[in-house]
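*Asks:* First the structure, which I've put down as structure tokens, then a few questions once you've had a look.
The values are calculated or read from the model by the stated rules, or taken from the named source; none is laboratory data. Just so it is clear, the structure is predicted and the values come from calculations on it, not from any experiment. As a convention, Cβ positions derive from the backbone with ideal geometry for all residues, glycine included, and neighbour counts pool all protein chains shown.
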Amino acid sequence: MSFRVILLLVAGALWWSGCDRLFPERMLVGQWQALVVLEEGDTLPVNAAEIGLAFDEAGHYRYHSTLNYREAGYYELQGDLLYTRDTTHADTTLERVVRVPVLTEDSLVVQMRTDDDKERLIRFRKTSPSPHH
């Protein structure tokens, strides 16, 4: 094999592995509906149908939850960490980091710590590939 062919193979492999890092953020784009909320492994008695997330290609997100809670702003996915900046409040910007242990074309799991240091997981399913549908 010539040096040029080896170089092209190595460059292709590096490009392909780099693309793998881009795909997860693309998989995040769309509308997500919560299926269940778990705290320390137990199902919380909340109406998961009231919890939803939407991500767009431009880096914006919207979140709504129980008790009419809403936030929106900017997001960034770095590895399995999802960074959000809620910009809906004029006086402050709320920044959060949660772990995303599962992200596929139709499944999303968000893992976080509560204020009283309990593990909380929210499992979502994708309902639309675009937040505008």
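*Asks:* Check residue 52 against each of (1) within 16 Å of residue 125 (Cβ to Cβ); (2) modelled with pLDDT under 90 and name the one condition it does not meet.
*Replies:* For residue 52, the failing item is (2).
*Asks:* Next question, about the same structure. In segment 69-99, which residues are among the aromatic types (Phe, Trp, Tyr) and within 15 Å of residue 55 (Cα to Cα)? Steps first, answer last, please.
*Replies:* Filtering segment 69-99 for residues among the aromatic types (Phe, Trp, Tyr) gives 69, 74-75, 83.
The answer is 74, 75, 83.
*Asks:* Could you tell me whether segment 119-130 includes any residue that is of a type in the set (Asp, Glu), more than 12 Å from the chain's Cα centre (by Cα) and more than 16 Å from residue 25 (Cα to Cα)? Working first, answer last.
*Replies:* Just the residues of segment 119-130 that are of a type in the set (Asp, Glu), to begin with: 119.
If we keep only those that are more than 12 Å from the chain's Cα centre (by Cα) too, we end up with 119.
Checking the rest, the ones that are also more than 16 Å from residue 25 (Cα to Cα) come to 119.
Scanning segment 119-130, I find at least one residue that is of a type in the set (Asp, Glu), more than 12 Å from the chain's Cα centre (by Cα) and more than 16 Å from residue 25 (Cα to Cα), so the answer is yes.
*Asks:* Could you please tell me which pairs satisfy a Cβ distance under 7 Å, a separation of 6+ or placement on different chains, a first residue in segment 113-129 that is touching a residue at least 60 places away in the same chain (Cβ under 8 Å), and a second residue that is surrounded by 12 or more Cβ atoms within 10 Å (Cβ to Cβ) and not in a strand (DSSP E or B)?
*Replies:* Every condition considered, the pairs that remain are 122/51; 125/106; 126/106.
*Asks:* I'd like to know if segment 73-93 contains one or more residues that are without any contact (Cβ under 8 Å) to a residue 60 or more places away in the chain, within 15 Å of residue 31 (Cβ to Cβ), assigned to a strand (DSSP E or B) and small (Gly, Ala, Ser).
*Replies:* To start, the set of residues in segment 73-93 that are without any contact (Cβ under 8 Å) to a residue 60 or more places away in the chain comprises 73-93.
Then drop every residue that is not within 15 Å of residue 31 (Cβ to Cβ), which leaves 75.
Cutting the leftovers down to assigned to a strand (DSSP E or B) gives us 75.
Still in the list and also small (Gly, Ala, Ser): none.
Checked against the condition, which is being without any contact (Cβ under 8 Å) to a residue 60 or more places away in the chain, within 15 Å of residue 31 (Cβ to Cβ), assigned to a strand (DSSP E or B) and small (Gly, Ala, Ser), segment 73-93 yields no hits at all.
*Asks:* Let me ask you something else. Assess whether residue 99 counts as being surrounded by 12 or more Cβ atoms within 10 Å (Cβ to Cβ), among the basic types (Lys, Arg), in contact (Cβ under 8 Å) with a residue 24 or more places away in the chain and out of contact with any Lys or Arg (no Cβ under 6 Å at 6 or more places or on another chain). Lay out the reasoning, then the answer.
*Replies:* Details: surrounded by 12 or more Cβ atoms within 10 Å (Cβ to Cβ): yes; among the basic types (Lys, Arg): yes; in contact (Cβ under 8 Å) with a residue 24 or more places away in the chain: no; out of contact with any Lys or Arg (no Cβ under 6 Å at 6 or more places or on another chain): yes.
Against the criterion (surrounded by 12 or more Cβ atoms within 10 Å (Cβ to Cβ), among the basic types (Lys, Arg), in contact (Cβ under 8 Å) with a residue 24 or more places away in the chain and out of contact with any Lys or Arg (no Cβ under 6 Å at 6 or more places or on another chain)), residue 99 does not qualify.
*Asks:* Under the condition of being more than 19 Å from residue 85 (Cβ to Cβ) and hydrophobic (A, V, I, L, M, F, W, C), which residue from segment 47-68 is surrounded by the fewest Cβ atoms within 10 Å (Cβ to Cβ)?
*Replies:* Applying the filter and picking the extreme gives 67.
*Asks:* Looking at segment 1-14, is at least one residue among the polar types (S, T, N, Q), modelled with pLDDT under 95, part of a helix (DSSP H, G or I) and more than 26 Å from residue 114 (Cα to Cα)?
*Replies:* So the first thing to find is which residues in segment 1-14 are among the polar types (S, T, N, Q), and the list is 2.
Remaining after also requiring modelled with pLDDT under 95: 2.
Filter once more, keeping what is part of a helix (DSSP H, G or I): none.
No: segment 1-14 contains no residue that is among the polar types (S, T, N, Q), modelled with pLDDT under 95, part of a helix (DSSP H, G or I) and more than 26 Å from residue 114 (Cα to Cα).
*Asks:* Is there any pair with a first residue in segment 38-55 that is under 15 Å from residue 128 (Cα atoms) and a second that is hydrophobic (A, V, I, L, M, F, W, C) and in a loop (DSSP other than H, G, I, E, B) whose Cβ atoms are under 8 Å apart and which are 6 or more apart or on different chains, and what are they?
*Replies:* Partner pairs satisfying both residue conditions: 55/29.
*Asks:* Something else: If I filter segment 69-81 for residues that are closer than 26 Å to residue 45 by Cβ and exposed (fewer than 14 other Cβ atoms within 10 Å of the Cβ), do I get at least one hit?
*Replies:* Yes, segment 69-81 contains a residue that is closer than 26 Å to residue 45 by Cβ and exposed (fewer than 14 other Cβ atoms within 10 Å of the Cβ).
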